[in-house]
Amino acid sequence: MNKKSDEAPKPRVYTKLAIFMFAAVTFSTVTAARDDLKIPASLVGTKYSIARARILASGWRPDYRSADMEWEKVLQKQYPELRHCAGDRPVCALFFVGKKGACLKVIVKGESPDEYRVDFIDRECDGLQQ
């Protein structure tokens, strides 16, 4: 037998392999989360029920996760994507997910679901998705 083939690979080989695997996993995770789904134009200021219909028609789907407060859970029956409402002001955060896992955050203002209007919309969920 050849002495070279019997030797264990040098640590440099493992290091390069580890770097390659890390880069491949990172790249695939980042690209998998990018959806080609569009955010419908001019949603800010739109009544939420109308904006929601446009968002759903664009391919996004509600990202349901159980809310913390009982009254928020009641609101989730109408809007399963609702995640949290501020207790001290009429602001709620609602989340949608794309086919490949991308996140869409919608902030609404209003005293009741019938009065909700889109105040802010973004693809960046800032860790709030969980």
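Before moving on, here are some points about what is shown:
- Report note on the peptides 118-125, 92-99: ranked by the mean count of other C-beta atoms within 10 Å, highest first, their order is 92-99, 118-125.
- Spatially close lysines, pair count over segment 48-122: Cα under 20 Å, gap of eight or more or interchain: 4
- Farthest toward the positive end of the dipole of segment 48-122, out of Gly59, His84, Tyr48, is the Cα of Gly59, where the dipole comes from beta carbon charges about the Cα centre.
- Simple label model, 7 Å out from Cα along Cβ direction - Lys77 to Val91, nm: 2.8 nm
- Evaluated over the Cα positions of segment 48-122, the convex hull gives a direction-averaged projected area, one quarter of its surface, of 4.6 nm².
- Computed label-point distance, nm, for sites Asp36 and Glu111 using a 7 Å Cα→Cβ extension: 4.6 nm
- Couplings for segment 48-59, taken from phi via the Karplus curve 6.51 cos²θ - 1.76 cosθ + 1.60 with θ = phi - 60°, read 4, 4, 6, 4, 4, 4, 5, 4, 5, 5, 7, x Hz in order; Gly and Pro are left as x.
Each value in this text was obtained by applying a stated rule to the coordinates, not by laboratory testing. The structure presented is a predicted model; accordingly, all values stated were derived computationally and were not measured. Cβ coordinates were reconstructed from backbone atoms using ideal geometry, including for glycine residues, and neighbour counts include every protein chain displayed.
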